[in-house]
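Every number in this text was worked out from the coordinates using simple rules, so none of it is lab data. Treat the numbers as computed from the prediction; the structure is a model and nothing was measured. Cβ: placed from backbone, ideal geometry, glycine included. Neighbour counts: every protein chain shown.
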Amino acid sequence: MTFGTTICAISTASGTGAIGIVRISGADSYAVVEKIVGNKSAFRNAEPRKMLFVNLLDEQGNILDEVMVAKFAAPASFSGEDMVEIYCHGSEYIEQRILACLTRNGAVLARPGEFTQRAFLNGKMDLSQSEAVADLISSSSAESHRVAMSQLKGQVSSKIADLRGKMLELTSLLELELDFSEEDVEFADRTKLVALIDEVCAETEKLIRSFEYGNAVKSGVPVAIVGEPNAGKSTLLNAILHDDRAIVSSIAGTTRDTIEEEFVLDGIRFRFIDTAGIRNADNEVEELGIKRTYSKLKSARIVVLVLDASADKQHNDGIVASIGNEISETTKLIVVLNKSDICTAQYGYGDDSLSISAINGSNVDTLCRKFVEYVSSLKSETADVVITNVRHVASLTAARDLLQSARRSIGEGVPSDFIAQDLREANYHLGEITGAISTDEVLGSIFSKFCIGK
Ligand SMILES: Nc1nc2c(ncn2[C@@H]2O[C@H](COP(=O)(O)OP(=O)(O)OP(=O)(O)O)[C@@H](O)[C@H]2O)c(=O)[nH]1
Ligand SMILES: [Mg+2]
């Protein structure tokens, strides 16, 4: 498919490097670019996918830049249309002027994600692969990169295709009965049907669960460091980051606001959040700070509760119990008994508790290993394919609910046409993930989140 307009955009972050890339896609790509190159016949005769060195000319015919250009012939291009890429000097001024010359000659500025949207509409990739392009661009750790790359390579797509194949088998079993609905026959072996539904349901459930890991990897794992004032939270943050990020002092209530810093451990990005110490606030600012601590506590995936090992055990037991009440079941709580350099606690709080000295760094690496192990354990519980996208989870959840409803209906002896309807709808939701089924509205909302030039 070729679209009515030829689009152009800068594909590199402006002014950030020696090279700027301007992309053009659409039926008129070659013609538009030809108008602004110096040696027109060389460009016209240039073979696709071969670099050509040319001058680009501005409105007055003056040389705007010396560039390399490459043509890509449909359908063997990123978008599936004729495309041209211009590799110019990486100056924001030059890039903008090239765009101006292209638009003056008939191209229009591309909307965010429009190149990828065209690639999707031309069948170059499905929807989940298109979304992986955006994830790949924003990946900032080895693991988020790995997950995005496997999605781009079609792992999610083939898993969904596999599930849809099984769904098709299910519905065809039932549809046979629908043709004979007057005669009240049951062709489809109910035991086989139930087994198939259970299988698809279990696989869907696994994918839904993989989002815990996928989301952590994609957005960074939030780790809240909480505890009483002076327990050593900020000292611990600094020790983890190997940086004097937060102010440390012996005055209780030093940290008033939350401090967030990202740090990659073993290829996984974590977001460490140092918080204001929890106590009965004696002024408004402190109270606001403590409110923030509670909100971070609730949204964190991992909570590190820092206790002062030199404090009374009963006192510490009370803090552990009260923080335990604040967090959800899915949050990992790690209790550290800090200040082991001056006092070693003779007690602990289970496997997820350890003695450290934030000030001299002792055992801080063991604590960091616990963070990584926890995130890795989320992965091993889940499917080989990892879901990272909220949209995919919503579709999978809808599909799973319908499968469960079909399963119940079989048990209750509900007529086949109702069961078939649930299964068809479940299949529809699975189709939404890869874009086998999509609406303009859905596409618009997906691609508008892309950056311009992609
Ligand atoms: N001996 C010893 N002192 C520590 C250790 N960790 C922190 N401290 C000291 O304890 C005091 C408080 O440390 P902070 O890191 O500011 O404590 P905090 O929990 O952030 O305190 P607030 O911000 O007030 O809530 C400082 O004097 C630190 O030097 C430790 O491992 N050993
Ligand atoms: Mg502090």
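Whose amide H sits under 5 Å from the amide H of Asn39, counting only residues 5 or more places off or on another chain, with H placed in the peptide plane?
Answer set, sorted by chain and number: Asn55.
Name the lysines eligible as straight-distance cross-link partners of Lys40: C-alpha to C-alpha under 16 Å, and not fewer than 8 places from it in the same chain.
Filter leaves Lys50, Lys71.
On a full-extension model of 0.36 nm per residue, what is the gain between Thr344 and Val320, subtracting their alpha-carbon distance, rounded to one decimal in nm?
Full extension from Thr344 to Val320 adds 6.9 nm.
As a test of the definition: which semi-axes, in Å, follow for segment 243-379 when you take the square root of five times each eigenvalue of its alpha carbon gyration tensor? Largest first, please.
Numbers: eigenvalues 94, 73, 55 Å².
Calculated on Cα positions only, the semi-axes equal 22, 19, 17 Å.
Modelled label-to-label distance, Asn45 and Arg146, 7 Å Cα→beta-carbon offset: nm?
Output for this residue pair reads 5.1 nm.
Quick one: Karplus J couplings for segment 309-323, per residue in order, coefficients 6.51, -1.76, 1.60, θ = phi - 60°, nearest Hz, x for Gly and Pro?
In residue order, the calculated couplings are 4, 7, 7, 4, 4, 4, 4, 5, 4, x, 5, 4, 5, 6, 5 Hz.
Under 15 Å Cα to Cα from Lys159, which aspartates and glutamates show up? Leave out anything in the same chain fewer than 8 places away.
Correct list for Lys159: Asp126, Glu199, Glu203, Glu205, Asp384, Glu432.
Treating only the Cβ atoms of Lys and Arg (+1) and Asp and Glu (-1) as charged, compute the dipole magnitude of the chain about its Cα centre; round to the nearest 20 debye.
Value, rounded to 20: 1420 debye.
Of the options Phe120, Leu52, Gly90, report the single residue whose Cα projects farthest towards the positive end of the charge dipole of segment 7-125 (beta-carbon charges: Lys, Arg +1; Asp, Glu -1).
Phe120
Of Ser328, Gly318, Ala345, which is farthest towards the positive pole of segment 300-346's charge dipole, taken about the Cα centre with +1 and -1 on the beta-carbons of Lys, Arg and Asp, Glu respectively?
My answer, from the dipole projection, is Ser328.
I'd like the Karplus ³J(HN,Hα) series for segment 113-120: coefficients 6.51, -1.76, 1.60, θ = phi - 60°, whole numbers in Hz, and an x wherever there's a Gly or Pro.
With coefficients 6.51, -1.76 and 1.60, one gets x, 5, 5, 5, 4, 5, 4, 5 Hz.
Give the whole-number value, in cubic angstrom per residue, of the convex hull volume spanned by the C-alpha atoms of segment 343-454.
Value for segment 343-454: 203 Å³ per residue.
How charged is the neighbourhood of Thr439? Take every other residue with its Cβ under 14 Å from the Cβ of Thr439, and add Lys/Arg as +1 and Asp/Glu as -1. Display every interim value, and only then the final one.
Values: positive: Arg391; negative: Glu432, Asp440, Glu441.
With Lys, Arg at +1 and Asp, Glu at -1, the neighbours total -2.
With just the Cα atoms defining each centre, how far is segment 408-454 from segment 255-284? Give it in Å.
Taking the Cα centre of each part, segment 408-454 and segment 255-284 sit 40 Å apart.
Once phi is turned into θ = phi - 60°, what whole-Hz ³J(HN,Hα) does the Karplus curve with 6.51, -1.76 and 1.60 give for every residue of segment 281-287, x standing for Gly and Pro?
5, 10, 8, 4, 5, 5, 4
When only DSSP loop residues count, what GluC sites (Glu not before Pro) in segment 276-370 have their Cβ near at most 12 other Cβ atoms within 10 Å? Display every interim value, and only then the final one.
Values: sites: Glu284, Glu286, Glu287, Glu326, Glu329; in loops: Glu329.
Here the sparse-neighbourhood loop sites are Glu329.
By what distance, in whole Å, do the Cα atoms of segment 155-274 stretch along each of the three principal axes, largest value first?
84, 27, 19
Determine, for Ile327, Ile302, Ile433, Ile160, the number of other Cβ atoms within 10 Å of each Cβ, and report the residues in order from fewest to most.
Fewest to most other Cβ atoms nearby, the residues stand as Ile327, Ile302, Ile160, Ile433.
Straight distance only, please: which aspartates and glutamates reach the Cα of Lys454 with their own Cα at less than 13 Å, same-chain residues fewer than 8 apart left out?
The qualifying aspartates and glutamates are Glu85, Glu114, Glu131, Asp135.
For the chain, state the semi-axes of the equivalent ellipsoid (square roots of 5 times the eigenvalues of the alpha-carbon gyration tensor), sorted largest first and rounded to whole angstrom.
Working: eigenvalues 475, 313, 51 Å².
Each semi-axis is √(5λ); the values are 49, 40, 16 Å.
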